[in-house]
Structure formats: C-alpha cells, structure tokens
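Input: a single structure, listed below in structure tokens.
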Amino acid sequence: MKITASRRSFEDVNEDVFIVPVFEGETPDEGALARLNHITDGAVASVFDSGEFNGKRDRWVLLYKTGALRAQRLMLYGAGRFDDANPFGLQRLAGTAVRMLRSRAISSAAFLLRDRLEPETSARAIIEGWALGQEDTDLYKSQTEDTRPIESLDLVSDAPDAPDLSRAVSVGIAMAEATNFARRLGNEPGNMMTPIELARQAEAMAAREGLAFEAFDEEELKSMGCGALLAVSRGSDEPARMIVLSHEPEKEDFFPQGEASQELIALVGKGITFDSGGISIKPAAKMDEMKFDMGGGAAVIGAMQAIARIKPGVRVLGVVPAAENLPSGKAVKPGDVVRSLSGKTIEVLNTDAEGRLALADALAYAVGRGATHMVDAATLTGACAIALGAVRAAVMGTDQRIIDGLIQAGELSGERLWQMPFDSKYADFIKSDIADVKNVGNRKAGTVTAGMFLKTFTNGLPWAHLDIAGTAWLEEEKPYMSKGATGFGTRAMAGFVIDRAARR
Ligand code: BES
Ligand code: ZN
Ligand code: ZN
C-alpha cells in the first residue's frame with residue numbers, strides 16, 4: 001500500500017476518487033466546499049440544495065467528474081459535528097469510506113485533510129483507519145470476495161502553509177501495518193498459531209525489521225525455573241515458548257540531546273494460543289473464540305514491529321510467554337502448587353486463570369533482564385469484558401506516568417482505556433493458605449485481583465497492565481472494520497514508548 005501526503009490545489013487532484021469530509025452545518029458558500037463548488041460548476045451546491053446531504057455523520061454522496069474536476073469521483077462524506085471531531089471518529093470515517101469504495105474498481109484515492117484536528121493527528125488517524133479498513137479476516141477462504149484493495153492514498157491539503165507530514169505519514173503507516181500484523185496473528189486458528197508458530201512469526205518479523213530475537217524452549221524454560229509458564233503448557237502436546245524481542249537504538253535515534261536513555265522498557269503480552277480452561281474446562285459455547293487468547297502477545301509483537309520502524313531512542317524488550325492450555329492426564333490440577341521464575345510459589349486453584357501464570361514468569365524474566373519500566377497486555381479476565389464491553393480496555397498499575405502515557409497514546413489511536421482502582425486492599429483476595437499467592441480470588445473485582453496477582457511479579461518496578469479481554473475481538477463486522485481480532489494494544493503500547501522516548 002502506497003500512502004503519501006501532498007500540497008495541491010483541488011484542480012490537480014486526479015485520482016479515481018477524492019474523499020472530502022464535510023462537517024455538519026457547512027455550506028458550499030465558503031472555504032473548501034466553495035472552492036470545490038466552483039470547480040464542479042455548482043454541482044456541490046446542488047447536492048446541498050437537494051436536501052439529501054448535510055454533513056450528518058456517515059451520510060455520503062458520490063459525484064462523477066463534472067466541470068474542471070479531474071478526479072473520477074468526488075465523495076462528500078458526513079463527518080458530523082465539527083466540535084465532536086476526534087481521531088477515532090476520523091479513523092472510522094476513513095475505514096468506512098475505504099470499505100465502501102473498494103468494490104468499485106478504484107485503485108487510487110485522495111483524501112482531503114480538514115482543520116479540526118492537528119494535521120499530524122488527522123493524517124495518522126486517516127491512514128490508520130484506511131489501512132485497518134482494508135484488512136479482511138477470511139484467511140482460509142479459497143475464493144475471496146470481489147474486493148480489490150485501493151492501492152494508493154494521498155492526503156491532500158490545499159492550504160499554502162500546510163506543514164510537512166512525512167513523519168506523521170510514516171508513523172501512521174507503521175502503526176497501521178503493525179496493528180494489521182497483530183490482527184492476522186490473532187485471527188489464525190489454534191491449530192495453525194501454536195506457540196512454536198507464534199515464535200516463528202516473531203522471528204521472521206525480527207529478521208525483516210532488524211530486531212534481536214530469542215525463543216526459549218521447554219528444556220530451557222525448565223532449567224531457568226519457569227514453573228508457572230510450564231504448568232500451563234503441561235496438559236498440551238504443543239510445547240511452550242518464551243519469545244523475546246529487543247530493540248537497541250542506534251546513536252542517531254537518541255533524542256533530543258543525543259544522549260543514551262538508561263531506561264529499558266519491557267512490553268509483555270499473554271500468548272495463550274488456545275485457552276480451553278484446562279482441567280477447569282470452559283463451556284463449549286464460544287470456546288472457539290479462545291484462539292485469540294494470544295491477543296496481548298500479538299499486540300506486543302506488533303508493537304515491536306512498529307518500534308523497529310519508528311526507532312525511538314530507548315531500549316525496548318518484548319516478551320511473550322506462549323503456551324496452549326488443555327486438559328489431559330498430565331495437566332496441572334486445581335490445588336497444585338508451582339514454583340515460578342521469581343521464586344514465589346503459586347497455588348493454582350483454577351486452571352482457567354492461566355494467563356496470569358504465564359505472565360508471572362514473563363514479568364520475572366523481564367525483571368531479570370534489567371527492565372526499568374514494564375507494560376503488559378493480556379486478554380486476562382471475562383470480568384473486564386463484562387465491566388467495560390468492547391469500548392474500552394482496562395488499565396491499572398503502579399505508575400501513574402506510565403498509565404497516563406498509555407491512556408494518551410490510546411486516545412490518539414482509538415484504543416481507548418479506562419483506569420481501574422488499584423488499592424492494595426484488593427491483594428487480600430489472592431492470599432493463599434499454602435503458598436505465597438493463589439491464582440484466583442473470589443469472583444469479586446476479578447479484573448483488579450488479576451492485576452494484583454501480576455503486581456506480585458513486578459518486583460516493585462513502575463508497571464502498568466492492560467486487560468484487553470473485551471477489546472481484542474470484534475464480535476460483529478463494523479462498517480469500518482471486519483470482525484475478528486483487533487490488534488488492540490499495539491498502538492497504545494508502541495505510541496507510549498515512542499512518546500516517552502521523544503519527551504525525555
Ligand atoms: N482468557 C480468559 C479470559 C477471557 C474471557 C478473555 C473471555 C476474553 C474473553 C482467561 O484465561 C480466563 O479464563 N479467566 C477466567 C479467570 C477466572 C477463572 C478467575 C475468567 O475470566 O473467567
Ligand atoms: Zn483461562
Ligand atoms: Zn486465557
């Protein structure tokens with residue numbers, strides 16, 4: 001996909017389609033619409049006169065070549081109220097437009113940058129929405145539907161003082177492609193996307209993008225002492241892997257003073273390639289969806305790809321504990337006690353609370369590698385999906401600056417977060433009679449007690465946890481995106497790292 005930005009007058013736009021967002025209440029008498037009206041010999045005004053279109057959200061009209069307009073089509077797209085414009089809205093607009101247009105033998109598009117948001121913010125939102133909208137989930141359909149991708153997109157502004165958008169464009173493309181990569185990993189069925197295959201995908205990406213890659217096999221995990229991760233994979237014939245990616249900045253990436261950051265940010269993602277619940281087995285209905293239980297791991301791998309491309313001046317470690325959770329004669333049982341990499345013992349009271357076991361060892365591994373700051377993402381609790389639905393993911397942790405950075409990066413990318421309370425009182429629920437900690441509380445405050453469990457393994461480092469159980473999977477197709485894995489967390493994590501490196 002080719003995405004560019006240019007400064008051109010409307011007469012020079014000659015793509016197959018020229019998409020122009022129109023705000024509610026705008027008229028063809030002034031501004032950009034007046035200029036378009038002039039070029040189209042009054043056709044834009046006729047649209048408004050007809051009463052058929054007025055900029056209301058998601059209304060649209062297509063005009064074909066008229067007057068001096070060189071673009072094949074002009075699409076006026078309702079962007080809603082000017083004051084309500086936000087990056088997510090613009091993303092949805094771009095996604096909807098591209099999904100609508102791609103069945104129409106269109107290969108090039110131009111998109112007008114309008115004024116409500118900063119041009120950089122708009123550019124990123126349009127690119128992300130556009131690229132996410134084009135990606136489909138029918139990975140294993142023999143014959144795909146008659147939708148041809150629109151190959152090129154140019155972001156047009158006709159203001160004489162329009163800023164240079166080349167960096168915003170490359171960041172937008174990197175974020176979008178990373179998110180689509182995470183979505184593809186998440187949509188793969190469990191028989192294809194095993195822990196070994198997830199490691200292979202991460203390795204191929206690392207080789208492509210210039211990251212260091214390691215993956216520990218079960219023998220190595222055993223000698224390291226990763227008893228919690230191994231407890232999860234014990235019931236499965238698919239062996240576990242701990243996947244580790246790292247980004248080492250080059251001297252010229254250091255920003256702003258050319259000085260190396262002492263920080264090592266660890267991104268840790270739950271990589272359960274299928275979660276049957278194990279001996280504490282889940283009900284059959286919707287169990288198939290548990291192939292996306294590696295959504296946090298996919299987001300970390302995706303975020304590492306974006307980081308490799310955008311090259312922030314800070315060291316970043318990506319850690320994905322990958323395993324399959326199945327019942328068998330060898331599986332971990334309720335009541336078993338396991339020793340984790342941190343040395344802490346865990347009473348496993350419910351084998352379906354497996355993500356936190358895998359993450360316990362991954363967090364401890366990151367601590368051992370010298371992480372100074374940690375963020376993890378996990379499809380961790382059904383309770384989170386109940387509390388927040390698919391609209392926002394939960395964020396909690398021990399460092400408000402990290403949490404705020406994630407929230408801000410999430411707002412910019414449409415990965416919206418909501419902070420949960422995190423009083424130490426919630427840790428009372430996971431005190432074990434027999435071991436250092438138990439892996440479930442009672443049913444109450446399940447999202448927060450899961451977070452408290454993870455906190456046990458962070459060794460007091462500044463850390464934040466994203467519970468993406470409700471947001472990692474889109475249950476029904478949206479006009480702007482196909483259903484299935486969303487890649488949620490990719491852009492919040494990558495954005496957080498990039499902003500943090502830039503702000504030092
Ligand atoms: N992977 C699930 C959580 C989940 C549920 C994610 C639904 C997405 C949609 C996790 O491993 C799990 O099963 N959690 C249990 C924890 C409980 C046993 C304390 C849950 O939420 O029921
Ligand atoms: Zn589970
Ligand atoms: Zn799970």
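Quick rundown of the values:
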| quantity | calculated |
| --- | --- |
| Contour excess over end-to-end distance, with Cα ends at ALA105 and ARG200 and 0.36 nm allotted per residue | 30.6 nm |
| Separation of alpha-carbon centers, the range 203-282 and the range 85-128, rounded to whole Å | 34 |
| Protection proxy ranking, peptides 274-285, 410-421, average beta carbon neighbours within 10 Å, highest first | 410-421, 274-285 |
| Three-way shape label, the range 258-375, alpha-carbon gyration tensor, a/c 1.5 | oblate |
| Whether the chain is rounded, prolate or oblate, judged on the alpha carbon gyration tensor where a/c under 1.5 counts as rounded | prolate |
| For the chain, calculated [θ]222 nm from helices alone, where every DSSP H run of n ≥ 4 adds -39500 (n - 2.57) | -10500 deg cm²/dmol |
| Burial order of peptide ranges 83-90, 101-108, 349-356 (average beta-carbon count within 10 Å, highest first) | 349-356, 83-90, 101-108 |
| 22 Å Cα-Cα threshold exceeded, pairs from LYS222/LYS330; LYS222/LYS270; LYS2/LYS251; LYS222/LYS291 | LYS2/LYS251; LYS222/LYS291 |
| Solvent exposure, largest accessible area first (probe 1.4 Å, DNA, RNA and ligands not counted), of SER6, SER342, SER261 | SER342, SER6, SER261 |
| Heavy atoms of ARG167: accessible area, 1.4 Å probe, square angstrom to 10 | 140 |
| Amide proton proximity set for MET374, modelled H, under 5 Å, gap of 5+ | ALA266, TRP463, ALA464 |
| In degrees, nearest ten, helix 295-310 long axis to first principal axis of the chain (Cα) | 60 |
| Length-normalised contact order for the chain - Cα pairs under 8 Å, 6+ apart - percent | 16 |
| Antiparallel DSSP beta bridges within the chain, as percent of all bridges there, nearest 5 | 40 |
| Accessible area, probe 1.4 Å, largest first, for residues SER166, SER340, SER328 | SER166, SER328, SER340 |
| Heavy-atom accessible surface of the range 2-157: percent carbon and sulfur, 1.4 Å | 43 |
| Interchain or long-range residues, amide H under 5 Å from ARG234's placed H | VAL332 |
| Helix 195-209 vs. the chain, principal-axis angle (Cα, 0 to 90°, nearest 10) | 50 |
| Per residue accessible area of the chain, 1.4 Å probe, in Å² | 40 |
| Sulfur and carbon atoms: percent of accessible area, the range 333-473 [1.4 Å] | 51 |
| In order through the range 312-319: 3J(HN,Hα) via Karplus (6.51 cos²θ - 1.76 cosθ + 1.60), integer Hz, x for Gly, Pro | x, x, 8, 6, 9, 10, x, 10 |
| ARG208-ARG81 pseudo-label distance in nm [points 7 Å out on the Cα-to-Cβ vector] | 4.3 |
| The range 2-157, relative contact order [Cα under 8 Å, separation at least 6], % | 31 |
| List TRP60, TRP473, ordered by accessible area with a 1.4 Å probe, largest first | TRP60, TRP473 |
| Accessible area of LYS333 in the full protein assembly, 1.4 Å probe (Å², nearest 10) | 110 |
| Gyration tensor verdict on the range 1-106 (Cα atoms; rounded if a/c is under 1.5, prolate if a/b is larger than b/c, oblate otherwise) | rounded |
| Local electrostatic count at CYS384 - Lys and Arg +1, Asp and Glu -1, tallied over other residues with Cβ under 12 Å | 0 |
| Residue-span extension gain [PHE53 to ASP428] - 0.36 nm each, minus C-alpha spacing | 129.2 nm |
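The values are calculated or read from the model by the stated rules, or taken from the named source; none is laboratory data. Computed from a predicted model, the values in this text were never measured in an experiment. Positions of Cβ are generated from backbone atoms using ideal geometry, with glycine treated the same way; all protein chains shown enter the neighbour counts. Surface areas here come from the heavy atoms of the whole protein model, side chains and all, with no ligands, DNA or RNA. Shrake-Rupley method; radii C 1.70, N 1.55, O 1.52, S 1.80 Å.
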